[in-house]
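Comments concern the structure below.
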Amino acid sequence: MNIIRNAIFFFIACGVFSSCSQKAENKRVSFKDNVISCQFKMSQLYEEKYDSFYIIPPYFYDDSIPNHIVIDDDLKNYCIKKLRMNDKTYIMLLTVSNHVTSYSVINRDDVWYFHLPYYKGISMEKTLYMSKNRYIYAE
């Protein structure tokens with residue numbers, strides 16, 4: 001009986017710890033194929049529900065992330081390594097209640113430039129436009 005009780009406790013503990021330490025997931029989306037030369041909302045591109053997104057530009061360093069965002073250290077380190085000396089990539093942090101739950105790596109082949117504020121939360125419901133030159137800006 002003691003073995004069964006210990007096994008049950010072990011599985012419950014594993015479930016609790018794994019749910020508490022969820023990692024942000026990379027969500028792939030293609031802007032070029034979906035929204036070039038048209039109006040859109042970020043919420044239309046992602047199946048999951050997010051409140052807002054943050055654009056992390058090339059040459060990123062960790063002190064640029066706003067203090068109110070909760071981000072996993074592993075993801076923060078990934079962003080630093082991916083963007084520190086790279087001008088061909090952006091990372092979009094997708095948040096729910098200021099917690100980063102997912103992210104998207106966006107290559108310059110898809111979006112050449114964001115005419116949106118960096119490091120500032122933008123609503124997933126904000127109307128955006130992507131020009132034929134692959135510049136994204138707010139209407």
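Of all residues in region 68-94, those that are closer than 20 Å to R108 by Cβ and modelled with pLDDT of 90 or more have Cβ atoms under 6 Å from Cβ atoms of residues that are open to solvent by 70 Å² or more (accessible area, probe 1.4 Å) and not basic (K, R), 6 or more apart or on another chain, in T89/N107.
If you take the residues of region 113-139 that are aliphatic (A, V, I, L, M) and outside any strand (DSSP E or B), which of them is farthest from the chain's Cα centre (by Cα)? Per the criteria, the residue is L116. Among the residues making up region 40-60, those that are over 15 Å from Y103 (Cβ atoms), open to solvent by 20 Å² or more (accessible area, probe 1.4 Å) and not in a loop (DSSP other than H, G, I, E, B) are S43, Q44. If you check V105, V100, which single one turns out to be in a strand (DSSP E or B) and open to solvent by 30 Å² or more (accessible area, probe 1.4 Å)? Of V105, V100, the one residue that is in a strand (DSSP E or B) and open to solvent by 30 Å² or more (accessible area, probe 1.4 Å) is V105.
Any residue at all in region 61-73 that is open to solvent by 80 Å² or more (accessible area, probe 1.4 Å), of a type in the set (D, E, K, R) and either touching a helix residue (DSSP H, G or I) at 6+ places or on another chain (Cβ under 8 Å) or within 17 Å of R28 (Cβ to Cβ) (or both)?
No, every residue in region 61-73 fails to be open to solvent by 80 Å² or more (accessible area, probe 1.4 Å), of a type in the set (D, E, K, R) and either touching a helix residue (DSSP H, G or I) at 6+ places or on another chain (Cβ under 8 Å) or within 17 Å of R28 (Cβ to Cβ) (or both).
Here D110, D87 are screened, and the one residue that is under 16 Å from K27 (Cβ atoms) and part of a loop (DSSP other than H, G, I, E, B) is D110. The number of residues in region 74-87 that are open to solvent by less than 80 Å² (accessible area, probe 1.4 Å), of a type in the set (D, E, K, R) and under 14 Å from T101 (Cα atoms) comes to 1.
The values are calculated or read from the model by the stated rules, or taken from the named source; none is laboratory data. Not measured: the values here are computed from a predicted model. All Cβ positions, even for glycine, are placed from backbone atoms using ideal geometry, and neighbour counts span all protein chains on display. Keep in mind that these areas ignore ligands, DNA and RNA; they rest on the heavy atoms of the full protein, side chains included. Shrake-Rupley method; radii C 1.70, N 1.55, O 1.52, S 1.80 Å.
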